[in-house]
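Notes for the one structure printed next.
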């Protein structure tokens, strides 16, 4: 590929317009005193198994909100805010935790694993989460974040293929381009931790905090220069995957899928010791390195929309890469939705830059180098002395970041011209200030405000959660949008009931009894029911 400046000069703006952005945001339901909620997923929000926009992640208490893809980041964010308003207005005496790192949890055993009813699909999702609890512990699984999903315009690929001189099949070029982008995201996502990391501190109940961090006060531990402890090796990571057991090929989609299939079929001794079926109930789906693809922890994933009966890797193999999922964004505790529109403009600029830039193929140690850079930034990102590894040399993080911002400038200008705006160059200038003034970053702001208020992590985030809850309560949905969300909830309940009526009984009664002893959120029905 050419330089970003050369490429952006040759791309017609109409080839950019069809790009789409989607968002996923997780958030713990907590009581008014900041303790983890032990209530089941509210029925008024619909079925967590089948609702397209409101579901749960690992825990019954961990909400996950999903937007449809939109041509403008603003529209995706507006849908997210609207969904959150509907959720908050139906939470009764609960709040949504406004941070990535969890609230105070006295005993990890109190974290309820999500349940999805008694259909085969629902029980499979629950047992997969049992496996996660046995493999990694429950505490790690209630860390929350924001995922940025992005698909480039379909009209862009023929233009880029012509510029590159590639004469192969368009789908192969598209898949290679997405993998090139993915490699660059991994090379540079330490920059996202510096700019958007908002988890420099944790509650003292978080496992491992006492040994790895410094006391902030009696209830809080922190790292003075940390940006995102969530993305560090004490956060949402997998020690088995970080070792030599899992090696993924990022140089091509075929290589990626071949490596993933091998991992999905390889049993691991540590997981064999956990056991598959104990006392008549499944502890995990299998004893493989990964139970399913979703267990593979990576800061960015290639994605394709799976059809009924398809696994994610089968969907990728059949139809190629549809979009990329960037997973390294912390919840911003200073804004109600946890993400703001300027971030989305920057991320859109960043991901186009990763596509347009040269992306050398990975060597044996490339993933390890990228992971080390990410971990250093997670713990020391705001240290003026931080150096990262680049092309076999150590370079100051600030110097490297400045160079990346310079290279993103023509990309931001292209996006401005495409959308007849100046918001992309404004976003670039806005976050460039964070390099010059580290105290502006969310991680520094959080620590500063905690000090100024004399609050520990949990007390401060609880205050933010209450304020954001009030904000969403005041954002009343108009009757048409309220009916839209109520209809989605009703339809999702009908769909779950329909699935349970037609369950094939893959999992037995003992598995259902061990599903955290949680009641099904859908009243059981028979096939004669109007729901079916």
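Rule-based calculations on the coordinates, nothing more; no lab input. Predicted, not measured: the structure shown is a model, and the values here were computed from it. Cβ placement follows ideal geometry from the backbone for every residue including glycine, while neighbour counts extend to all protein chains displayed.
Among 296, 356, a tally of other beta-carbon atoms within 10 Å of each Cβ gives an order, fewest to most, of 296, 356. Can you tell me the FRET efficiency between residue 10 and residue 265 if r is taken as the Cβ-Cβ distance and R0 is 35 Å, rounded to the nearest 0.05? Once the sixth-power term is evaluated, E becomes 0.20.
What FRET efficiency do you get for residue 172 and residue 44 if R0 is 56 Å and r is their Cβ-Cβ distance, rounded to the nearest 0.05? Plugging the Cβ-Cβ distance into 1/(1 + (r/R0)^6) gives 0.75. Enumerate the residues in the stretch 3-21 having an amide nitrogen under 14 Å from the point lying 7 Å beyond the Cα of residue 162 toward its Cβ. Counting backbone N atoms under 14 Å from the label point, the list is 9-16.
Would you mind getting me the FRET efficiency between residue 247 and residue 211? Use the beta-carbon distance for r and R0 = 30 Å, nearest 0.05. In this case the efficiency is close to 0.55.
The label-point distance for residue 258 and residue 406, in a model that sets each label 7 Å from Cα toward Cβ, rounds to 4.0 nm. Estimated at 0.36 nm per residue, the fully extended path between residue 430 and residue 490 surpasses their Cα-Cα distance by 17.3 nm. Protection proxy ranking for 407-413, 271-277, using the average of other Cβ atoms within 10 Å per residue and placing the highest first: 407-413, 271-277. Here the simple spin-label model places points 7 Å from the Cα toward Cβ, and for residue 32 and residue 421 these points are separated by 3.9 nm. The candidate values are (1) 35, 28, 25; (2) 43, 28, 23; (3) 52, 26, 18; the one derived from this structure for semi-axes √(5λ) of the Cα gyration tensor in Å carries the label (1). Subtracting the Cα-Cα distance of residue 90 and residue 279 from their residue separation scaled by 0.36 nm leaves 64.2 nm.
Computed extension length for residue 383-residue 272: 35.7 nm, one decimal, from 0.36 nm per residue of separation with the Cα-Cα distance subtracted.
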